[in-house]
Amino acid sequence: MLNLSLVLAAVLALASVVLAFYYAPRWSLRARVHARLRHRRMLMEGDSHETAFNEFLLWLVDKKLFASDFRELEPALDATGKTPIQARRSYLLWCWMVPVVVAVLAFRTTDVVMASLALLAGFYLPRRFIRSAGADAEKLQNREAIELCHMTRMLMEAGLSPERSLKLISHQARDLMPRLIQRIDRFNRVMESGADRTVALEELGRNRNLTVLRSYVALMKQSGTLGSKVAGGLDQIVEEAQHEERSKLKEDTNKIGARMTVIMMIFMLPSLFMLIGGPAVLSILDAFQR
C-alpha cells in the first residue's frame, strides 16, 4: 500500500511538471495580452526565450507584497540597462533574498539588537545602491544623448531618415554611447518587428528622468507627424542640455567647497592650533612650574 501511494505521488508530480511546461507558452501569451490591455508594454527582447521561471517571476513581482516597492526601483533598474526579467531577478535577489540570508545568519550568531540592525541594513543598503547606480546611469545617458543629437543632426542633414540614422548610429557609435546604445538597439528591434514609429519612440524615451532623450523623442515624433525640420530643434536641445550640465557643474563645485570647509575644520584646524599655540602653552606651563 505504501509503495502504491509513493508511485501515485511520483506520477502526479511528474504529470504536474509536464503540464506546467506544456501550458507555459499559453500562460506567457495570456500574460502578454493582459499586459497590453493594462497598457504595460513589457518587452522581452533582451531575453532569449520564455520559461516557466520567467513567468513565475512576472507573477510573483506583480503581487501586492512586491509591486509597489518594485515600481519605485524599476526606473533605476531600467536605467542600468536591465530587461524586465533581469530587473525582477535582481530585485528579488538583492532586495529580498540577500536581506533574508543576512538576517538568518545575524540572528543565529549575534544578539537581537545587532541582528535587527543587520536586518535593517540588509533591506536599506541594496535599495540605496540600486537608486545610486540608476542615478549615475541616468547622468551618463543624458550626456550621451547630447552626442546622439549631434550625430542625428549630421546624418539627417545628409538625407537619412530618423530610423536609418538611429540604425547607423547603433552600428557606428557603440564606443561613444555605451549606455544609451542599448535603448537605441531596443528602438531598432521594435521597428524591425513592424511596430509604428511613435510606439518605438515612446519606448526609446520611456524613462522620464532622461530629460535630453525625452526632448529628442518629442522632436522626432513632431517631425514625423508635422514634417518639420529637426536641425534647429536639435541645436536647441543641445544648447539647453549643455546649459543644464554647466549649472550642475557649478552646483557640484559649490558643494565641494562646502565639503572642503568641513574637512578643514575637522582635520586641519586642530593641527594648525597645535602648531601655533603649542609653544605658547609649553611656555606657560614652564612659567607655572618655576
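The numbers here are math on the coordinates, done by the rules we state, and not lab data. A quick note: this is a predicted structure, and the numbers were derived from the prediction, not measured. Reconstructed Cβ throughout: ideal geometry from the backbone, glycine too, with neighbour counts over all protein chains shown.
At q = 0.20, 0.22 Å⁻¹, what log₁₀ I(q)/I(0) does region 139-245 have when each alpha carbon counts as one equal point scatterer in the Debye sum?
-1.05, -1.32
Which Cα, out of SER68, ALA137, GLN242, lies furthest along the positive dipole direction of the chain (beta carbon charges, K/R +1, D/E -1)?
The one lying farthest along the dipole's positive direction is SER68.
Can you tell me the mean projection area, over all orientations, of the convex hull of region 179-238's alpha carbons? Units nm², please.
Values: hull surface 16.8 nm².
Convex hull of Cα atoms, orientation-averaged projection: 4.2 nm².
How many nm is it between the label spots at ASP136 and GLN289, if each spot is 7 Å from the Cα in line with the beta carbon?
A separation of 5.4 nm, rounded to one decimal place.
Tally Lys/Arg at +1 and Asp/Glu at -1 over every other residue whose Cβ is under 12 Å from the Cβ of SER132; what's the total? Walk me through the numbers on the way to the answer.
Numbers: positive: ARG127, ARG128, ARG131, LYS139; negative: ASP136, GLU138.
Value of the local net charge: +2.
Looking at the chain, how many pairs of lysines come closer than 25 Å at the Cα, when each pair is eight or more places apart or spans two chains?
Lysine pairs meeting both conditions in the chain amount to 12.
Measure out, as a whole number of angstrom, how far apart the alpha-carbon centroids of region 104-130 and region 206-277 sit.
35
In the set (i) 59, 56, 36; (ii) 80, 50, 29; (iii) 101, 78, 30, which value of Cα extents along the principal axes in Å was calculated from the structure you see?
Matching the structure shown: (iii).
Could you tally the net charge around GLU251, taking each other residue with its Cβ under 14 Å from the Cβ of GLU251, Lys/Arg +1 and Asp/Glu -1?
Details: positive: LYS139, ARG246, LYS248, LYS250, LYS255, ARG259; negative: GLU244, GLU245, ASP252.
Its environment carries a net charge of +3.
Once you've got the GNM for the chain with C-alpha springs shorter than 10 Å, pick whichever of VAL101, VAL212, VAL17 has the biggest mean-square fluctuation.
VAL17
Would you mind getting me the FRET efficiency between ASP196 and LYS255? Use the beta-carbon distance for r and R0 = 35 Å, nearest 0.05.
Working: r = 44 Å, r/R0 = 1.26.
In this case the efficiency is close to 0.20.
Give a residue-ordered list of calculated ³J(HN,Hα) values for region 231-242 (Karplus: 6.51 cos²θ - 1.76 cosθ + 1.60, θ = phi - 60°; whole Hz; x for Gly, Pro).
Here the 3J(HN,Hα) series is 4, x, x, 5, 4, 5, 4, 5, 5, 5, 5, 5 Hz.
In a Gaussian network model over the chain where Cα atoms closer than 10 Å are linked, find which of LEU125, LEU155, LEU117 has the largest mean-square fluctuation.
LEU117
Only Cα pairs under 8 Å and at least 6 apart count here; give the relative contact order of region 139-245 as a rounded whole percent.
Details: 88 pairs, mean separation 33.9, N = 107.
Reported relative contact order: 32 percent.
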